[in-house]
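To start, the structure itself, in structure tokens.
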Amino acid sequence: MLAGYRLIRYHNGMTRFIAILALTLCSTALGIDITESLRSGDFWKKPVQESLAGAFVSRPDENHLRTRELQIGELTTGEVVITMEQEKPVSMQAMLYNKGDDGIIGEDDFNNQITSARAAMEELSGTRGKKRSGGKASVVKLQAWEWKWNAGISRLEANASGKKRTFSPEFIRLNIGADTDALNSGGANDNISRFELRNNITTDEDGTVWLKNVPMVDQGQKGYCVPATLARVFAFYGMDQVDQHTLADLCDSKSGGGTSTLDMEHAMKKICKKYHTKFIELEDYASTVKSVVPPYNQLAKREDKPTVDIYSNPFDKMDAEILRKVRTGKTSQVSKWMRDIKKNIDAGFPVIWSVTVGIYQEEIPLPQSRGGHLRLIIGYNSKEKTIIYTDSWGAEHARKTMPAANALSMSKGRYIIRLR
């Protein structure tokens, strides 16, 4: 019976801006043309801002740059994420199609885009691509081809499932680097340890304890808060190749946004097993609903307010002040919740945090409406009784503060991915 109300959908709290663009593999150049600099290898030898002068770029963190609509031969990319060292590019991932940004397309269109991409890479490299497996690091089934030339290497990867009526596309992407080592530099780091994670723990003068170096993964307009948030945790552990698009497939995220709790938990157990990590539920949704709804309805009746149905996303319909009284009426409730946060942050683990946005005023780049969302708790201040949290909406949302009482009131679940 509990599973019936665990199937909530997480999204980014907004009504998605509907703008179906022309498919990214088109013949008309829309952005900065980097074809010749990739062919010659010059792209990797100078600051990336020089190569992309005039393009719109953003910096989710100090090691990555995001842009879109670059021209590579006959291809016009979607989102591009460039990994940098000392401002020079090391590798890049260019999305040619992804379900979150571009919506669902048919099997023929998907295969035609792959064919166009392969032709463009053969033209750029002057070589025929070699078909290869997705590799041991892949957690989803990939079609993959690779091209090498004297100044670079490119790998085309495509992910989809089903055939004909059951066909479900996920992404087509290009990974490009100066050499094989650069291209594979985002691989899993099997040597990372719990001790090394503690090196990220920072204490400010005011007593705030927080985790530095948590990378930003910007979900953009996609309803990918679950894949983006989880990708940030894996990148924090040195597993950059587990990106939000791969996780969107594993979590069954929808093109318009949303991932069910059951899908998320199943996917995390599968991924954690592969990467020698462990998925732990600190506060699961089913138990939270079971403990909160009955006392909430009792108090709502006494105050002549509407009650909520335990099976119909009750947090989306709760009165904010009644909810606060139920969850934080006793000082011990907040203190207990904070102790659990403190224990995990002090061990170097960011806390994956499921919430209902829109209950209390927050600085979010979205219409203030109720809805499920996933974010990370990365710190706390015991004296001030506040938490430090971060959202997957870009660098300006990398570190924010909230009273612990508000945080507990809006909390629907907390999870940890731990290193074994």
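Give, in nm to one decimal, the length gained when the segment between Ser58 and Glu384 is fully stretched (0.36 nm per residue of separation minus the Cα-Cα distance). If you can, show how the numbers build up before the last one.
Numbers: separation 326, 0.36 × 326 = 117.36 nm, distance 3.31 nm.
My answer for the length gained is 114.1 nm.
How would you order 205-212, 413-420, 90-97, 65-72 from highest to lowest mean count of nearby Cβ atoms within 10 Å?
Numbers: 205-212: 14.9, 413-420: 18.8, 90-97: 24.0, 65-72: 20.6.
With the highest mean Cβ count within 10 Å placed first, the list reads 90-97, 65-72, 413-420, 205-212.
For the stretch 297-406, just say rounded, prolate or oblate: build the C-alpha gyration tensor, square-root its eigenvalues into a ≥ b ≥ c, call rounded for a/c under 1.5, and beyond that prolate if a/b exceeds b/c, oblate if not. Intermediate results must be reported in sequence, preceding the final value.
Details: a/c = 2.21, a/b = 1.38, b/c = 1.60.
Note, shape of the stretch 297-406 comes out oblate.
From the backbone phi of the stretch 105-122, what are the Karplus-calculated ³J(HN,Hα) couplings (6.51 cos²θ - 1.76 cosθ + 1.60, θ = phi - 60°) in whole Hz, Gly and Pro given as x?
In residue order, the calculated couplings are 10, x, 5, 5, 4, 4, 5, 5, 5, 4, 4, 5, 5, 5, 5, 5, 6, 5 Hz.
Quick one: what are the phi-derived ³J(HN,Hα) couplings along the stretch 329-338, Karplus 6.51/-1.76/1.60 with θ = phi - 60°, whole Hz, x for glycine and proline?
Running phi through 6.51 cos²θ - 1.76 cosθ + 1.60 with θ = phi - 60° gives x, 10, 4, 5, 5, 5, 4, 5, 4, 5 Hz.
For Glu122 and Asp33 in the same chain, what is the full-extension length gain: residue separation times 0.36 nm, less their Cα-Cα distance, in nm? Mind showing how you got there, number by number?
Working: separation 89, 0.36 × 89 = 32.04 nm, distance 1.69 nm.
That works out to 30.3 nm of additional length.
Per-residue HN-Hα couplings for the stretch 383-400, Karplus 6.51 cos²θ - 1.76 cosθ + 1.60 at θ = phi - 60°, whole Hz, x for Gly and Pro?
Using θ = phi - 60°, the values come out as 5, 7, 6, 10, 10, 10, 9, 9, 10, 8, 10, x, 4, 5, 10, 6, 8, 9 Hz.
Non-local amide H neighbours of Asp33 (under 5 Å, H modeled in plane, Pro and chain starts lacking H): which ones?
Gln71
Between Lys269 and Asp340, what is the label-to-label distance in nm when each label sits 7 Å out along the Cα-to-Cβ direction?
That separation, rounded to one decimal, is 2.0 nm.
For Ser91, which sequence-distant residues (separation of 5 or more, or a different chain) have an amide H within less than 5 Å of its own amide H, given hydrogens modelled in the peptide plane?
Answer set, sorted by chain and number: Thr83.
Indicate the gyration tensor shape class of the stretch 94-186 (rounded, prolate or oblate), computed on the Cα atoms with a ≥ b ≥ c the square roots of the eigenvalues: a/c under 1.5 is rounded; otherwise a/b larger than b/c is prolate and the rest oblate.
On the way: a/c = 2.11, a/b = 1.61, b/c = 1.31.
The shape class here is prolate.
Since every read-out is calculated from the coordinates, none of them should be taken as a lab result. Note that the coordinates shown come from a computational prediction; the quantities given were computed from them, not determined experimentally. Don't worry about glycine lacking a Cβ; one is built from the backbone with ideal geometry, like all the others, and counts go over all protein chains shown.
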